[in-house]
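Participant: Below is one structure. I have some questions about it.
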Amino acid sequence: MQNKIQDIMKRIRDEDIKMVDFKMVDINGQFRHVTIPAGCFSEETMKKGIGFDASNYGYAVVEKSDMVFIPDPDTAMIDPFCEIKTLTMSGNAMIIDNPENRPLAQYPRNIVKAAEEYMRSTGIADTMLILPEFEFYLFDNVGWEVGANTNAYTIDAEQSYWNSMDHGLGHIVQKQKAYHIAKPFDSSYEIRSEMCMLMEEAGIHVKYHHPEVAASGQFEIEPLLGEMSKMADATMMVKYIIKNTAAKYGKSATLMPKPIYGEAGNGMHVHMLLLKDGEPVFADDAGYARLSKTAHYFMGGLLKHISALCAITNPSTNSFKRLVPGFEAPVTVGYATSNRSAVIRIPAYAKEPKERRFEIRNPDATCNPYFCYAAILMAGLDGIRNQIDPHENGWGPYDVNLYNLPEEEKKKLKSLPTSLDSALDALEADHAFLTEGGVFPESLIKTFIKIKRNETAELAKIPTPAEFDRYYNL
């Protein structure tokens, strides 16, 4: 650690860095930050940290709310969006204690590390690799107003089908026809390429980027597999890079699950696999989709707890506007190979033993990634420990298009929650798997549920334009 601190000090001198920035994460998974002049930064700063009020970040704190933020030198990078040369770091929140500081158990980065430690303690695996897919929209204009006499929003993307009469070059994309569409229709190619180059500079290796299905400016960037805790940090940085690069080009980026009615929503599908001593835990040539019994038990845990997980993986009211039939979004509790209508999909192209995995398709980027990834791991480990077989529980495999089943067959299927309130009900009733090993503190779960209950209650009071359209003249 001491050597790493000295390396940071040397870098500040050698690269003539003017500011040192500390990026922290609140309970909703949003960056907040504190910046100090480089001349005020010292080895003591790295060891003793920066003080902050954790109560303003939304955490349930039993002790006093004064906390310290300890920077992690492994996360140090030059912030590409600061004109004044700035070194930025993530880190961990600590409780001020004598003689030493203790990790704040509710802090998201500490949660994901605790989940990894719990996984290792079970002996099942020592590494979880994940790959989140980042879907987002790029808009040329966006605005909204919520008030007593106005409740409205407006969005625009020049390439969208609704601009076919307004922009004279004819490079308009038809509704739901944008998947992998090429130039000149793909007008944001350079923006996304710059996003990917910045991610590479930040140590986040990118697999590819491409236009997604929705015609009104939807795209995807997919990284390579990475260790869970590092990928949680990377998720925060990916969102930061996407939004700030878009702003640089005069556009607005959103990872909101369903910003446009009638177009595909933004998911954050999470691929996952386990390793032990460098060897794959999920591979077995004799198993369904060449996955091991352990992999099936992991899927069983996810499917058993999926309703409760939705409160953490899909924690916005808007999330459930995406989880509807017809837009390649999952609605059915089940698993299958190459089937996007089930909540767990096994990619057929992952053929090598060290690549064999599955993805959970319901999460979206309104989640706190640290909570999301840790909760997914804890549900899967619960499935392994209790040998929850997804086939024996009637969750598949569903190797058919579930959207096209006859209505009588659809009624036999279990579906995901249809609202945030129902997902919160499930989390309230089913969260013991999260508190195993002290990974998720009970106080954090209660606080999270309380915050989200207040959120749904407040939003339920607001009339919407759609309600005026439906009810005004009755």
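Participant: List every residue whose amide H lies under 5 Å from the amide H of residue 339, counting only residues 5 or more places away in sequence or on a different chain, with H placed 1.01 Å from N in the peptide plane.
Facilitator: 346
Participant: Then there's this: Excluding residue 310 itself, calculate the net charge of residues whose Cβ lies under 14 Å from the Cβ of residue 310, where each Lys or Arg counts +1 and each Asp or Glu counts -1. It would help to have the intermediate numbers written out before the result.
Facilitator: On the way: positive: 304, 321, 322, 361, 414, 452; negative: 364, 421, 425, 428, 430.
Once all neighbours under 14 Å are counted, the net charge is +1.
Participant: Work out the length of the dipole vector of the chain about its Cα centre, built from +1 on the beta-carbon of each Lys and Arg and -1 on the beta-carbon of each Asp and Glu, and round it to the nearest 20 debye. Present the calculation step by step, with values, prior to reporting the outcome.
Facilitator: On the way: 50 positive and 64 negative charges, 77 e Å.
Once rounded to the nearest 20, the dipole reads 360 debye.
Participant: Go through 221, 187, 309 and say which Cα lies farthest out towards the positive end of the charge dipole of the chain; charges sit on Cβ, +1 for Lys and Arg, -1 for Asp and Glu.
Facilitator: Value computed over the given set: 309.
Participant: Of all DSSP beta bridges in the chain, what percent run antiparallel (nearest 5)?
Facilitator: Details: 55 of 64 bridges.
Bridges in the chain are about 85 percent antiparallel.
Participant: Let me ask something else about it. For the range 404-412, in order, what is each residue's ³J(HN,Hα) by Karplus, 6.51 cos²θ - 1.76 cosθ + 1.60 with θ = phi - 60°, in whole Hz (x at glycine and Pro)?
Facilitator: Per-residue couplings from phi come out as 9, 5, x, 4, 5, 6, 4, 5, 7 Hz.
Participant: log₁₀ I(q)/I(0) of the chain at q = 0.08, 0.12, 0.13 Å⁻¹, via Debye over equal Cα point scatterers, no solvent, to two decimals?
Facilitator: -0.50, -1.16, -1.35
Participant: Let me ask you something else. Please list, in chain and number order, the residues 5+ apart from residue 92 or on another chain whose amide H is under 5 Å from its amide H, with Hs placed from the backbone.
Facilitator: 70, 72
Participant: Another question, if that's okay. If the cut-off is a Cα-Cα distance under 13 Å, which aspartates and glutamates reach residue 452, setting aside same-chain residues fewer than 8 apart in sequence?
Facilitator: Filter leaves 421, 425, 428.
Participant: In addition: Pairs 230/251; 207/251; 293/351; 177/351; 4/243; 4/230: which are spaced more than 20 Å apart, C-alpha to C-alpha?
Facilitator: Details: 230/251 29 Å; 207/251 24 Å; 293/351 17 Å; 177/351 30 Å; 4/243 30 Å; 4/230 18 Å.
Over 20 Å Cα-Cα: 230/251; 207/251; 177/351; 4/243.
Participant: Using only C-alpha positions, report the orientation-averaged shadow area of the convex hull of the range 317-474, nm², one decimal. Intermediate values should be presented prior to the final figure.
Facilitator: Working: hull surface 49.6 nm².
The Cα convex hull of the range 317-474, projected and averaged over all directions, gives 12.4 nm².
Participant: Sticking with this one: With +1 assigned to the C-beta of every Lys and Arg and -1 to the C-beta of every Asp and Glu, and no other charges, what is the dipole magnitude of the range 2-103 about the Cα centre in debye, to the nearest 20?
Facilitator: Working: 12 positive and 17 negative charges, 15 e Å.
In total the dipole reaches around 80 debye.
Participant: Give the order of 162, 395 when sorted by the count of other beta carbons within 10 angstrom, beginning with the fewest.
Facilitator: Details: 162 14, 395 26.
The most exposed by this proxy come first: 162, 395.
Participant: Provide the net charge surrounding residue 276, with neighbours chosen by a C-beta distance below 10 Å and charges set as Lys +1, Arg +1, Asp -1, Glu -1.
Facilitator: Details: positive: 120; negative: 126, 277, 279.
For residues surrounding residue 276, the net value is -2.
Participant: Using helices alone, what [θ] at 222 nm do you get for the chain, with -39,500 (n - 2.57) per DSSP H run of 4 or more residues, divided over all residues and rounded to the nearest 500?
Facilitator: Working: 14 runs with 153 residues, N = 474.
Roughly -10000 deg cm²/dmol at 222 nm, from the helical runs in the chain.
Participant: When the Cα centres of the range 241-293 and the range 360-395 are compared, how far apart do they sit, in Å?
Facilitator: Measuring centre to centre over Cα atoms gives 14 Å.
Participant: Quick one: 22, 327, fewest Cβ neighbours within 10 Å first, how do they rank? Could you put the intermediate results ahead of the total?
Facilitator: On the way: 22 22, 327 19.
Going from least to most buried by this count: 327, 22.
Participant: Quick check: net charge around residue 395, other residues with Cβ under 10 Å of its Cβ, Lys/Arg +1 and Asp/Glu -1?
Facilitator: In short, 0.
Participant: Averaged over all directions, how much area does the convex hull of the C-alpha atoms of the range 368-454 cover when projected, in nm²? Walk me through the numbers before you get to the answer.
Facilitator: Details: hull surface 29.4 nm².
Taking the Cα atoms of the range 368-454, their convex hull projects to 7.3 nm² on average.
Participant: Just grab the label-to-label distance for residue 16 and residue 418, each label 7 Å out from Cα along the Cβ direction, in nm (one decimal).
Facilitator: Distance between label points: 6.3 nm.
Participant: State log₁₀ I(q)/I(0) for the range 134-266 at q = 0.14, 0.19, 0.20 Å⁻¹ as given by the Debye formula over alpha-carbon point scatterers of equal weight, solvent excluded.
Facilitator: -0.65, -1.08, -1.17
Participant: Find which of 329, 434, 418 sits farthest along the positive direction of the dipole of the chain, computed with +1 on the beta-carbon of Lys and Arg, -1 on that of Asp and Glu, about the Cα centre.
Facilitator: 418
Participant: Let me ask something else. Ranked by Cβ crowding within 10 angstrom, fewest neighbours first, how are 439, 343 ordered? Don't skip to the answer; put the middle values down first.
Facilitator: On the way: 439 24, 343 30.
Ascending number of Cβ neighbours within 10 Å: 439, 343.
Participant: Continuing with the same structure: Just check the range 1-143 against the gyration tensor rule for me: Cα atoms, a ≥ b ≥ c as the square roots of the eigenvalues, rounded for a/c under 1.5, and otherwise prolate or oblate depending on whether a/b exceeds b/c. If you can, show how the numbers build up before the last one.
Facilitator: On the way: a/c = 1.37, a/b = 1.09, b/c = 1.26.
Rounded shape, in that the Cα axes give a/c under 1.5.
Participant: Separate question: How big is the dipole moment of the range 204-260 about its Cα centre under a simple scheme where the beta carbon of each Lys and Arg is +1, that of each Asp and Glu is -1, and everything else is neutral? Debye, nearest 20, please.
Facilitator: Values: 7 positive and 5 negative charges, 50 e Å.
Charge dipole, the range 204-260, about its Cα centre: 240 debye, nearest 20.
Participant: Write out the cysteines belonging to the chain for which the nearest other cysteine Cβ is not under 4.7 Å, or none if no such cysteine exists.
Facilitator: 40, 82, 196, 310
Values quoted throughout were computed directly from the atomic coordinates according to the rules given, and no laboratory measurement underlies them. Computed from a prediction, not measured in an experiment: that's the story for all the values here. Backbone-built Cβ (ideal geometry, glycine too); neighbour counts: all protein chains shown.
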